[in-house]
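Trainee: I am attaching a structure below and will ask some questions about it afterwards.
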Amino acid sequence: MKISKRDALMWFEFFSQLEDDLLPRQQEIAYAVLNQIETAVEHRRAEAMKDIPGLKSLCGRSLYVGSDDKFSRGCRSCLTGTGLSAIRKTNKCNVQCKFCYNYGELECQEPIGEGMWEIGGCKYREEDIDLLLSIQENPTGISYVYLEPFMEIEKYYGIIRKFHEHGIHQHMYTNGILATEENLKALGEAGLDELRFNLGASDCADSVIRHIAIAKKYIPWVGIETPMTPELFEQFMAKKDAILAAGADFINCAELHLNANNLPNYMGENMYMSRHGYLSPIWSRDITLKIMKMADEEKWPMLVHDCSNRTKFARGLNLKAKEGGWFGANSYACEFDRIPYEAFLPVLQDESFTFIEEEPLPEGYRPGDIVL
């Protein structure tokens, strides 16, 4: 069903007012609309990619430009190894970003527990790590997430040292604001392999750019990972030379995807849904492709990785395959209990956004028909 944009808008205006779940034919209409939007978005991006001659692929799972040897080892683990093995400890953050998945809930995040680490959904003490690694297959990589580790970074050195002794690649995410030469050096000495700075969280602060350069002195792999937003792009371009000079090995251009917490901060933007999963502003990956084109033309010293919804889709497939899942199993999924139909009204109202192909609604799906 190649529903027209006009009919799509009419039905989504109706769906956005409903409180109950859609009936089967109504669901067919909704999925047809989502497909029309996604098809148009992918068509435009395919055209944009033709203008990036240096575009490369990691096993068909993700795209990047730059020197192969600068592709993040953590990303390789995520996309081709045993997945993204997350370790959780810190339930606090020193900033509140509008793109954060925990926006509005930062003060009520459950603690992991004093002296405890959450690994694979279970709780461990530092002295349990040797037991864990002696019984289960060692992961190709682990990551420290949730929320800002530098709020209590001194607690991380011991466990990083444990995993380092077993030769497991470790990467950590930070906004970089609380980084210092002392704690960055301590992380390097403990054995942290990779540190990723979310420049968007600090509005590309000069101090954080300096911390990137300091981190490179002590940590083998240093990168930038941040959601692509218009604000980030403007700030990045204003300080591009300083950022490139800081010596980061890579930048992961994350396609911003939304959940119930941060969606209100972006209502009114043109949205699309990727494979009935992540909901994103259309401009997010468009910004990634713009940056990749610039990096390719200017031969940036750091690799630029397209950490898109499609990359997350591939990540989910890889993770389930490594876990022994059935054919087609994927951990990638929608983050909403019910599709927020109202979020798609702006793109359907946008006269500049067109569907690739349209056809009249079949009988049973037209206005006035009983949709069962």
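Trainee: Using the Cα centre of the stretch 21-94 as origin and beta-carbon charges of +1 (Lys, Arg) and -1 (Asp, Glu), tell me which of H43, V65, Y31 is placed farthest towards the positive end of the dipole.
Mentor: V65
Trainee: How large, in percent, is the carbon and sulfur part of the accessible surface of the chain at a probe radius of 1.4 Å?
Mentor: Heavy-atom surface of the chain belonging to carbon and sulfur, 1.4 Å probe: 50 percent.
Trainee: Would you kindly calculate the translational diffusion coefficient of the stretch 129-173, applying Stokes-Einstein with the Kirkwood radius from alpha carbon pairs, for 25 °C and a viscosity of 0.890 mPa s, and quote it in µm² s⁻¹ without decimals?
Mentor: 217
Trainee: What accessible area per residue comes out for the stretch 122-252, rounded to a whole number of Å², with a 1.4 Å probe?
Mentor: 40
Trainee: Now, a different point. Give the lysines whose C-alpha is closer than 21 Å to that of K56, dropping any in the same chain fewer than 8 places away, or say none.
Mentor: Cα-Cα hits under 21 Å: K70, K290, K293, K299, K312.
Trainee: Cα atoms only: what Rg and Dmax, in Å, come out for the stretch 70-137?
Mentor: That works out to 15.2, 41 Å for Rg and Dmax.
Trainee: Karplus couplings for the stretch 131-140 from phi (6.51 cos²θ - 1.76 cosθ + 1.60, θ = phi - 60°), rounded to Hz, Gly and Pro as x?
Mentor: For the stretch 131-140, the Karplus curve yields 5, 4, 6, 7, 9, 9, 5, 5, x, 6 Hz.
Trainee: Here's another thing I want to ask about it. Test of understanding: express the Cα radius of gyration of the stretch 243-287 as a ratio to 2.2 N^0.38 Å, with N the residue count.
Mentor: 1.45
Trainee: Something else: Gain in length, K98 to S331, computed as 0.36 nm per residue apart minus the alpha-carbon separation, to one decimal in nm?
Mentor: Stretched fully, the K98-S331 segment lengthens by 81.4 nm.
Trainee: Using only alpha carbon positions, build the gyration tensor of the stretch 25-77, then give the equivalent ellipsoid semi-axes as the square roots of 5 times its eigenvalues, largest first, whole angstrom.
Mentor: For the stretch 25-77, the semi-axes come out at 32, 16, 6 Å.
Trainee: To continue, here is another question. Heavy atoms only, 1.4 Å probe, whole protein assembly: order D296, D21 by accessible area, highest first.
Mentor: So, going from the largest accessible area down, we get D21, D296.
Trainee: May I have the pair-distance distribution P(r) for the stretch 1-127, computed from all Cα-Cα distances with 10 Å bins from 0 and rounded to whole percent?
Mentor: P(r) over the stretch 1-127, rounded to whole percents: 9, 19, 22, 30, 18, 2, 0.
Trainee: Shifting gears a bit: Strictly under 4.7 angstrom between C-beta atoms: which cysteines of the chain have no such partner?
Mentor: C59, C75, C78, C93, C108, C122, C204, C253, C307, C334, each lacking another Cys Cβ under 4.7 Å.
Trainee: What are the ³J(HN,Hα) couplings of the stretch 88-99, residue after residue, when phi is run through the Karplus curve with 6.51, -1.76, 1.60 and θ = phi - 60°? Round to Hz, x for glycine and proline.
Mentor: In residue order, the calculated couplings are 10, 9, 9, 9, 10, 9, 9, 9, 10, 9, 5, 8 Hz.
Trainee: Restricting the calculation to Cα positions, tell me the Rg (one decimal) and the Dmax (whole number) of the stretch 1-50 in Å.
Mentor: 13.1, 43
Trainee: While we're looking at this one, here's another question. Can you give the accessible area of C59, probe radius 1.4 Å, in Å² rounded to 10?
Mentor: Around 100 Å² of this residue is reachable by solvent.
Trainee: When the distances between all Cα atoms of the stretch 196-344 are binned every 5 Å from zero, what whole-number percent does each bin get?
Mentor: The calculated distribution, bin by bin, is 2, 9, 17, 19, 17, 14, 12, 8, 3, 0.
Trainee: Relative to the compact-globule scaling 2.2 N^0.38 Å, provide the ratio for the alpha-carbon radius of gyration of the stretch 51-106.
Mentor: For the stretch 51-106, the normalised Cα radius of gyration comes out at 1.60.
Trainee: D21 to H43: FRET efficiency via 1/(1 + (r/R0)^6), r the Cβ-Cβ distance, R0 45 Å, to the nearest 0.05?
Mentor: 0.90
Trainee: For the stretch 212-272, treating each Cα as an identical point scatterer without solvent, what Debye log10 I(q)/I(0) comes out at q = 0.12 1/Å?
Mentor: Debye intensities relative to I(0), on a log10 scale: -0.41.
Trainee: For the chain, take the convex hull of the Cα atoms, compute a quarter of its surface area, and give me that in nm², please.
Mentor: Taking the Cα atoms of the chain, their convex hull projects to 19.6 nm² on average.
Trainee: How large is ³J(HN,Hα), in whole Hz, for each residue of the stretch 308-314 in order, when computed from phi with the Karplus curve 6.51 cos²θ - 1.76 cosθ + 1.60 and θ = phi - 60°, using x for Gly and Pro?
Mentor: Per-residue couplings from phi come out as 9, 4, 5, 5, 5, 5, 5 Hz.
Trainee: Let me ask something else. Counting only protein chains, not ligands or nucleic acids, how are E28, E19 ordered by accessible area (probe 1.4 Å), most first?
Mentor: Final ranking, largest accessible area leading: E19, E28.
The values are calculated or read from the model by the stated rules, or taken from the named source; none is laboratory data. The model shown is predicted, which means the values in this text are computed figures rather than measured ones. Positions of Cβ are backbone-derived with ideal geometry, glycine not excepted, and every protein chain shown enters the neighbour counts. The area values use the complete protein model at the heavy-atom level, side chains included, leaving out ligands, DNA and RNA. Shrake-Rupley method; radii C 1.70, N 1.55, O 1.52, S 1.80 Å.
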